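Working notes for the structure below.
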Number of protein chains: 2
Amino acid sequence: MDVDTRLLRYFVVVAEELSFTRAAKRLYVAQPSLSRQIRQLEARLGADLFTRTSSAVALTAAGRALLPAARRQVAEWQESVRLVRTAAAAERNVLRIGFAATGGGDLARRARSAFTRRYPGVTVEPKRFEWGGEARAVRDGLADVAYVWLPAELDGLCSEVVATERRWVAVKTTHPLASREEVGIGDLRDEPLMWTRVAPPEWVDWWAVNPRPDGSEPVWGPENANVEEMLEHVATTSGVCIGPESMKSFYVHPDLTWRPVVDIEPLRIALAWPEHSANALVHAFVEIVRRLA
Amino acid sequence: MDVDTRLLRYFVVVAEELSFTRAAKRLYVAQPSLSRQIRQLEARLGADLFTRTSSAVALTAAGRALLPAARRQVAEWQESVRLVRTAAAAERNVLRIGFAATGGGDLARRARSAFTRRYPGVTVEPKRFEWGGEARAVRDGLADVAYVWLPAELDGLCSEVVATERRWVAVKTTHPLASREEVGIGDLRDEPLMWTRVAPPEWVDWWAVNPRPDGSEPVWGPENANVEEMLEHVATTSGVCIGPESMKSFYVHPDLTWRPVVDIEPLRIALAWPEHSANALVHAFVEIVRRLA
DNA sequence: CGCCGCCATACGTTCCAGGCATGGACGTGG
DNA sequence: CCACGTCCATGCCTGGAACGTATGGCGGCG
């Protein structure tokens, strides 16, 4: 009897929510589809997993037996994927360095140079991910090591803060704030702020400084998935965006002006890599970054 | 990223055979289908698992990394299925006793009576399986305990031989051998013998006494999946079949005559149950059978 | 040099996950 | 007591994926 890990994930969520409707929302599928899939899983197992009434859903003994096993299966498959991708990269003798936007900034370039000098035979593959995707990339085996912007979910990863950067705000060159030398977070009270749905809410809130020191919530502007989209929005709509100082020099844009925001905490940049990594190149790279930091 | 355990099984077989054509045969699918599925798995992993030329297939580093993980995943899912089914049965307070054909014979009935006397609240569910399917049924969680006819694959199971039965041969009442009191295996030299493809070859060979003491191979008759089919064939074609003594009294058939085969080894019947079974009823049942044996 | 074995590609069919609309059971509040 | 809302199940349709058959391309071997 075969299963798809997707079915197991579905089952786990229904078991956690004890509601098909809520679970369907969390899984971004329609409730009827979810109902049918679970029914099918039950049919193939030859055992009911839930008792359903129109007012309550509960696990059966069989369901309780499956829940931890299903969680484990899903986790182990994720781990297998990471292993396979890591092995493929190792065979090609490459080191894949993940980052989002400007990643580790200047430190990253110095580290890469030092690493290439030390290991001339190894190909370095910089891998750019969307907002908040660096840590997941390492977990999923799409990168061997990554510069991660905190806050971030670092479960299953080793990490070390290697740099901090002050945060700046980008505004259109014609914007009143463009004439100021520096700004405070209070000055951005009524400015629509860029945001993204690809990163978790905590990440978005941290960048948006939400709630603001005065307790207010930012005004939300257009949504975007990466730097380029974000800067395009700022350049052509009425909003502003906040980014690390390095963004000013990495992404030049004729219509934008960058100004430091002096009264908010700086960005902390961590280097992250998988726990139990057997990849010697990763450890060598970590050591190099650590020395340069 | 999701996978079906079916895909993992496919991958394992290709990795074992190092040939898509041979693997496809073993898996009972067409070779192009198998090729495509493996390609798709590679695409989703973002890594090649095999290097293919028209003359050889070999694992890549990624493939070598996946192989043990895939084997483990498949095995763990099998185990999960068993757990779930066992839990469902336990919740209904039933004991599912697996067997094929006459199973444990007279012992089985005495054991069931004794068990029911001792545990009047427990429902006993006898579960009949096809030739050689009893042990697999326990492994798959379709039965809690089973009478298994040896030889059988008992990996992952505890077992204990609890009975033996002489083997008899069934012939049409009009058959020359029907007039004999008893027969030897040599007398069956030219008689077409029933066989099955649902049980493994070793099982079939053991029942057929293949090779025969004189080194010859039996003449093969029609194929069947269970007792009823087998006896129907014997009653209506020219073949014979061999079965345990209890079959004579459990399956009465007007056109058949049973005669003992005096010079072949008897059937050994084992009781088998899952290793690490936490089911108290199983252990109680085993104890009862052991005492009666 | 021609045949054969092996993997890949093309095409048509079948099946299933997914979405939307709706039905039926239950609980709640007016 | 009824009306309404909530929740799970069912019916119907669509798009995609898996499978089979037929066929192409490539390398090895007689």
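The values are calculated or read from the model by the stated rules, or taken from the named source; none is laboratory data. Since we're looking at a predicted model, the values are computed, not measured. In this analysis, Cβ positions are derived from the backbone assuming ideal geometry, glycine residues included, and neighbour counts consider all displayed protein chains. Accessible surface is based on the protein model in full, side chains and every heavy atom, while ligands, DNA and RNA are left aside. Shrake-Rupley method; radii C 1.70, N 1.55, O 1.52, S 1.80 Å.
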Please name which of B:A24, A:A280, B:T116 has its Cα lying farthest along the dipole of the protein assembly as shown towards the positive end, using unit charges on Cβ (Lys, Arg +1; Asp, Glu -1) and the Cα centre as origin. A:A280
Suppose we keep just the DSSP beta bridges with both residues in chain B; what percent of those would be antiparallel, to 5? 65 percent
Say a label goes 7 Å from Cα toward Cβ at B:T237 in every copy; what distances in nm does this one have to the rest, shortest first? 7.6
Counting only other chains, what is the mean number of Cβ atoms within 10 angstrom of the Cβ of each residue in peptide B:60-70? 5
State the percentage of accessible surface on chain A attributable to carbon and sulfur atoms; use a 1.4 Å probe and exclude ligands, DNA and RNA. 52 percent
What figure, in Å² to the nearest 10, do you get for the accessible area of B:M247 with a 1.4 Å probe and non-protein molecules left out? 0 Å²
Could you tell me which of rounded, prolate or oblate describes the stretch B:5-84, using a ≥ b ≥ c as the square roots of the eigenvalues of the alpha-carbon gyration tensor, with rounded for a/c under 1.5 and, failing that, prolate when a/b is larger than b/c and oblate otherwise? prolate
Please report the spacing between the Cα centers of the stretch B:123-152 and the stretch B:225-293 in Å, no decimals. 12 Å
Averaged over its residues, how many other protein chain Cβ atoms are within 10 Å of peptide B:34-46's Cβ atoms? 1
At 7 Å out from Cα toward Cβ: A:P266 inter-copy label distances (nm, ascending): 8.7
Quick one: of B:K127/B:K172; A:K172/A:K248; B:K172/B:K248; A:K25/A:K127, which pairs are farther than 23 Å apart, Cα to Cα? B:K127/B:K172; A:K25/A:K127
What is the stretch B:85-226's relative contact order, in percent, from Cα pairs under 8 angstrom and six or more apart in sequence? 24 percent
What average number of partner chain Cβ atoms lie no more than 10 Å from the Cβ of the residues making up A:78-85? 6
From the square roots a ≥ b ≥ c of the eigenvalues of the alpha-carbon gyration tensor of the protein assembly as shown, which class results: rounded (a/c under 1.5), prolate (a/b over b/c), or oblate? prolate
Distance between Cα centroids, the stretch B:1-47 to the stretch A:1-79: provide it in whole Å. 27 Å
Copy-to-copy spacing for A:R166, label 7 Å out on the Cα-to-C-beta vector, in nm, shortest first? 10.2
Below 8 Å between Cα atoms, with a sequence gap of 6+, how large is the relative contact order for chain A in percent? 21 percent
May I ask which residue of chain A has the beta-carbon nearest to the axis carrying chain A onto chain B, and at what distance in whole Å? A:D4, 2
Area hidden from solvent between A and B (accessible, protein heavy atoms only, 1.4 Å, total, Å²): 2800 Å²
Per residue, in Å², the accessible surface of the stretch B:167-265 once ligands and nucleic acids are set aside, probe 1.4 Å: 48 Å²
